[in-house]
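Report on one structure; see the data block that follows.
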Amino acid sequence: MLTKDRFADVCRETTWNVKKFLDLIYIHSERDARGRQPRATLNPLTVLMAAAAWERFLSDLVGAASYPEDKWGDRGSSGLGRFEIPKAKRSDGQGGLSRPWEPDHLSPYLRQRGVINHDISDKWAAWLSFTWAGATPKSWLFVEYAQEPSVFRDVLKEVQKIRNGVAHLAFPQDFAAASESSYTWINNAQSITIQSGHARGLSAALLQLIDVSIVTVARSHGWPTEGCRLSAAWFRAKVPESDSRYAGTEFWGGQSLHRLRA
């Protein structure tokens, strides 16, 4: 079963995984650059790592709730989760949102495994970006899942599409199928990449979903959230100088992100 200590293990692991995609944005931010240049490779990889952090968070929650004590041991959550992908065939063929990413599937899945006792998306709310200019996300809109679930599905679908596109670059035999399923990227860099602002906007969405989901799971069990959540500094328009890793960084183009009050 999911215990307070196991949940803390999952949250520590999640924090490190979030740092991986923030690190890529931080590297990209080290100096200004325009036009086609090698750092463009970081953009799709940033979204891939953000998607991986989200999936790994869900996987580790399920593992933490499912594994018997003798298998948990000293490893904590690392490597133990198994977020099962249903075998149902895709019907649309157009890069639709797969069931493990679909909130209507995700919530009952997590309830059945003792992770949470209500919908994981109950408190989902975020500042979402829908356009970009270079490295700057634009057209931010505050959206609550309870009011506009389709908007969150569209954002998750876009993350999934880019994540799949990166995987298909690694596995050329799948490229034909990828093209048929519309794994294409919109950019003006004249290369196989996405704009940095697009990558940052999608990463911002997942950062907010991870943190609000941590709070939702903790509250579901009556546990305090102190020490489990992602750093509040990463949600600021500019990371304060007190942050030892990213001091002074503007991850989100000057935009502050949504973070539930404790």
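The values are calculated or read from the model by the stated rules, or taken from the named source; none is laboratory data. Predicted model, so just to flag it, every value in this text is computed and none were measured. Glycine also receives a Cβ, built like all others from the backbone with ideal geometry; neighbour counts cover every protein chain displayed.
Listed values, structure above:
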read-out: Sole residue being in a helix (DSSP H, G or I), at pLDDT 90 or above and within 19 Å of P44 (Cβ to Cβ), chosen from A167, A199, A177; value: A199
read-out: The stretch 231-256, subset out of contact with any Pro (no Cβ under 7 Å at 6 or more places or on another chain) and surrounded by 20 or more Cβ atoms within 10 Å (Cβ to Cβ), residue nearest to Y145 (Cα to Cα); value: F235
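Here is a yes/no grid of residues against (1) buried (at least 20 other Cβ atoms within 10 Å of the Cβ); (2) in a loop (DSSP other than H, G, I, E, B); (3) out of contact with any strand residue (DSSP E or B) (no Cβ under 8 Å at 6 or more places or on another chain):
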| position | (1), (2), (3) |
| --- | --- |
| D104 | no, no, yes |
| S107 | no, no, yes |
| L110 | yes, no, yes |
| H118 | no, yes, yes |
| D122 | no, yes, yes |
| F142 | no, no, no |
| Q147 | no, yes, yes |
| F152 | yes, no, no |
